[in-house]
Amino acid sequence: MIARSVASLTLAALLLDANSWRPPVSQAAEIVELFVTATNARGQAVRHLTLQDFELMDGDKAAEILSVRPAQETFTGGVIFDVSSSMAPIGESLAHAAAAVGSHLRSGDRLWPATVAQRTLIAPSPVETRAQLIEAANQLRQPHGPSPLWDALAKMMDTMRGESGRRVVVAYTDGRVNGNTLDAESVMRRAIADGYVVYFVSPEEREAAAVPGFAPPGEALENFSRATGGTRLVAMSRPGGGSASRVGIAFAGLMSELRAQYRVTFRAAVGDGAFRTLTVRVLRPGVTARTRTVYLSR
């Protein structure tokens with residue numbers, strides 16, 4: 001289950017207690033890289049923005065934006081399939097879910113597949129094609145069990161530590177998390193500190209009310225992903241479409257977003273080893289920006 005405190009993860013908690021993340025203090029201004037999603041009122045990606053279209057606040061002060069350019073359309077990511085007991089009634093096979101995701105890979109994409117239930121299993125190397133993803137998923141099968149999602153996210157970040165550029169982790173899960181050795185807040189701190197963007201895709205059937213005394217699973221996932229610059233998507237039903245079909249639609253939207261992002265760099269304040277708030281705005285009317293809301297000032 002997800003404890004009530006997980007759903008109420010706040011920026012204040014990060015800003016007031018960064019003791020777990022105290023790198024050496026820098027005496028020079030740091031260059032920070034962000035990946036920003038810009039959308040219109042209909043949620044469609046907005047392209048062809050320039051540096052003059054953006055405004056960035058580092059805490060309560062305007063920061064100097066150094067560059068704005070389209071992010072590389074290809075990406076390196078990890079995809080975690082939750083195959084725990086609570087996901088079993090949903091009815092889609094791991095192979096079908098992997099096929100749905102793999103259908104949206106492009107040349108140059110690299111994806112580390114994993115499953116989580118009784119333990120976290122991660123492929124020994126990233127895959128680049130739909131066929132490779134299906135084969136890897138078959139090799140990562142395991143019996144149903146608990147759902148130590150936070151541990152799985154941490155292990156995926158360990159696996160991807162040597163990857164450069166934009167690092168994305170996607171988890172297909174209902175958010176009914178249990179059996180962890182790590183807590184959500186410590187894993188979220190690490191994701192923010194190391195620049196990972198985390199997305200969650202949830203099946204529609206698990207949009208259930210919270211158990212008394214516990215937070216709604218979707219709320220905890222949304223709070224976690226938003227802090228890192230990601231979001232949570234729900235794989236909605238479509239007329240005549242099966243479960244694998246709707247998973248594919250959700251992942252198609254997610255990957256379209258990644259391919260339309262902007263890479264924004266700015267000059268941060270002198271490093272003090274603390275978490276600092278970020279606010280990014282697009283100055284064009286009707287356009288909204290989304291990126292991580294906190295960064296670690298090194």
- From the list ALA95, ALA117, which one is surrounded by 15 or more Cβ atoms within 10 Å (Cβ to Cβ), under 22 Å from ALA235 (Cβ atoms), among the aliphatic types (A, V, I, L, M) and in contact with a Ser or Thr (Cβ under 6 Å, 6 or more places away or on another chain)? ALA117
- Message: Can you name every one of the strands (runs of 3 or more DSSP E) wholly within segment 254-297 that holds 1 or more residues which are touching a residue at least 60 places away in the same chain (Cβ under 8 Å), under 13 Å from ALA38 (Cβ atoms) and over 16 Å from the mean Cα position of the chain (by Cα)?
- Response: 262-270, 275-282, 288-290
- Flagged in segment 109-154 as more than 16 Å from the chain's Cα centre (by Cα) and in a helix (DSSP H, G or I), in numbering order, are ARG130, ALA131, GLN132, LEU133, ILE134, GLU135, ALA136, ALA137, ASN138, GLN139
- Task: Kindly indicate whether ASP194 is among the acidic types (Asp, Glu) and touching a helix residue (DSSP H, G or I) at 6+ places or on another chain (Cβ under 8 Å).
- Result: yes
- Query: Quick one: ASP53 ticks every box in (1) in the same structural domain as ASP194 (by TED's automatic domain parsing); (2) touching a residue at least 60 places away in the same chain (Cβ under 8 Å) bar one, so which box is it?
  - Reply: (1)
- Query: Can PHE75 be described as surrounded by 15 or more Cβ atoms within 10 Å (Cβ to Cβ), more than 22 Å from the chain's Cα centre (by Cα), within 22 Å of THR293 (Cα to Cα) and among the hydrophobic types (A, V, I, L, M, F, W, C)?
  - Reply: no
- A careful count of residues in segment 58-71 that are closer than 17 Å to TYR262 by Cβ and either in a loop (DSSP other than H, G, I, E, B) or of a type in the set (A, V, I, L, M) (or both) gives 5
- Breaking point among (1) closer than 22 Å to PHE251 by Cβ; (2) surrounded by 16 or more Cβ atoms within 10 Å (Cβ to Cβ), for ILE192: (1)
- Which of the residues belonging to segment 29-57 are surrounded by fewer than 17 Cβ atoms within 10 Å (Cβ to Cβ) and either assigned to a strand (DSSP E or B) or touching a His at 6+ places or on another chain (Cβ under 6 Å) (or both)? ALA29, GLU30, ILE31, GLU33, ALA45, GLU55, MET57
- Task: Select from segment 73-108 the residues that are part of a helix (DSSP H, G or I) and free of Cβ contacts under 8 Å to residues at least 60 places away in the same chain and list them in ascending order.
- Result: ALA88, LEU94, ALA95, ALA98, GLY102
- In segment 225-281, which residues are β-branched (Val, Ile, Thr), at pLDDT below 85 and not assigned by TED's automatic domain parsing to the domain that holds ALA95? VAL270
- Test MET157 against the criterion of being hydrophobic (A, V, I, L, M, F, W, C), within 30 Å of LEU296 (Cβ to Cβ), at pLDDT 95 or above and assigned to a helix (DSSP H, G or I), and give yes or no. yes
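The values are calculated or read from the model by the stated rules, or taken from the named source; none is laboratory data. This is a predicted model, so every value here is computed, not measured. Every residue, glycine among them, receives a Cβ derived from its backbone with ideal geometry; neighbour counts consider all protein chains shown.
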